[in-house]
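Only one structure is covered here, and it is reproduced in the block below.
Any read-out appearing in this document is the output of simple, stated calculations on the displayed coordinates, not a laboratory observation. What you see is a predicted model; the values in this text were computed from it and never measured.
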Amino acid sequence: MFPGIGTAINIITILVGTAIGVSLGSRLPERTRNVITDVLGLVTAVIAISAAAEVTSPALHEAVGGSLSRCVDFSRLATWKCDE
């Protein structure tokens, strides 16, 4: 294995997925394409939310230290107001 294997695999899977989408996408009904796009967007949002929740986990705080939780304080972002 070499450094950057994850990046190479990611690029290859994106190119394969793009080729599949281009070759099969025009054969699917528009409603099916819309549903697939919506589902992929929902999955992406769920993954992002779960990753954001992990930033505040106590296990990460113990492993990295308190500096990370001070840098990313979601409770302060939720109550932030424009005029402050």
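Can you give the extra length, in nm with one decimal, that the chain gains between GLU62 and ALA8 once fully stretched, where that is 0.36 nm per residue apart less the Cα-Cα distance?
Result: 16.2 nm gained on full extension.
Quick query: amide H of THR56 versus all other amide H atoms, modeled in the peptide plane; which residues come in under 5 Å with a sequence gap of 5 or more or a different chain?
none
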